[in-house]
Amino acid sequence: MPLVRLSSLDLLKGFVAVGRRLSITQAADDLCLTQSAVSRQVNQLEEQLGCRLFLRQHRGVAFTAEGERLFRSADGALQQLQDVMGELRRSEERRPVTVTASVGVVGLWLLPRLAALQQLHPQLDVRLSASNQLSDLRADGIDLALRYCSAADAPADAVRLFGETLAPVAHPRLVEEAARDPGALARMALLELDDPRPWLQWRGWPLAKGAARGRARPAMLRLNQYDQVIHAALAGQGVALGRLELLQPLLAGGQLALLAGQGPRPSPYAFWLLQAEPAPRADVQRVAAWIRAEAAGMAALSAS
């Protein structure tokens, strides 16, 4: 039969709905139509085909031989259409924007700023994935990633967000104590990230060699996550090697303070923004634009 002579989809939908229920009343409920409208669809299809499809009974209907044959084909075809069109529709529905970064960056940089994103775009659904492992963004379903690396190691399409500056930081109480008594520094524990990169370790800083001649080296407490290092510093447990760009809100709020006479040093690494897709959907573009704006505002604040 030529395609042009096939019955309309509405008639087939009515027929399949009745066939699935063997009831015109229940089929009408499924299609949100009246019983008479569904009966007209079945009658019109029977007229087009020139055969009876159902036998009307006191309670419901029963297939004729022709109706059962047509139902076996039409039901499977419509079910495939339902499945495929449902998947296509779900793919276009709003999906969460998944952003990944290291545990420290999520806890110290992203989370304190997330309320601003929610105020700017209250309709957005954002999922944060805190992990120190490198991910295959597309394979892992990740939209955006914040990466910490050198310029030489950054992908060609990565956007540089901000660099990194290091300096000793501590609870303001410890900083005041060190200001009153320089020898107090030698009694303070040094909080260190257990990381092989030398600029993230105390080695090479004067504090690690003892604050005064003849003094023993300070005690060292090593932790495997940078946010743990900072939480220990906030609790007054020692002096941390501060990554100042990540700690800007804590320094501005007075929860941490810089130690006097311990000049900041630049790091060879920076923070970069990566996108899984070159032309991402609108929600991903909004989050990426917000991250870039937050980084630019932070850089401007540091420069002032």
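Structure notes:
- Where helices (runs of 4 or more DSSP H) fall entirely within the range 1-117, those with at least 1 residues that are surrounded by 14 or more Cβ atoms within 10 Å (Cβ to Cβ) and polar (S, T, N, Q) are at 24-31, 35-49.
- Residue in the range 47-66 that is out of contact with any Asp or Glu (no Cβ under 9 Å at 6 or more places or on another chain) and in contact (Cβ under 8 Å) with a residue 60 or more places away in the chain present: no
- Subset of the range 141-159 [assigned to a loop (DSSP other than H, G, I, E, B) and in contact with a Ser or Thr (Cβ under 8 Å, 6 or more places away or on another chain)]: 141, 142, 143
- Subset of the range 170-184 [assigned to a helix (DSSP H, G or I) and more than 18 Å from residue 242 (Cα to Cα)]: 177, 179, 180, 182, 183, 184
- Residue 185 being surrounded by 18 or more Cβ atoms within 10 Å (Cβ to Cβ) and farther than 23 Å from residue 104 by Cα: yes
- Within the range 138-153, the residues that satisfy the criterion of being over 29 Å from residue 259 (Cβ atoms) and surrounded by 18 or more Cβ atoms within 10 Å (Cβ to Cβ) are 142, 143, 144, 145, 147.
- Applying the set (1) surrounded by 13 or more Cβ atoms within 10 Å (Cβ to Cβ); (2) at positive phi to residue 254 leaves exactly one unmet item: (1).
- Selection from the range 233-246 of residues that are out of contact with any His (no Cβ under 8 Å at 6 or more places or on another chain), under 18 Å from residue 221 (Cβ atoms) and crowded, with 18+ Cβ neighbours inside 10 Å: 238, 239, 240, 241, 242, 243
Any read-out appearing in this document is the output of simple, stated calculations on the displayed coordinates, not a laboratory observation. Because the structure is predicted, anything quoted here is derived from the model rather than measured. Here Cβ is always computed from backbone atoms with ideal geometry, including for glycine, and neighbour counts include all displayed protein chains.
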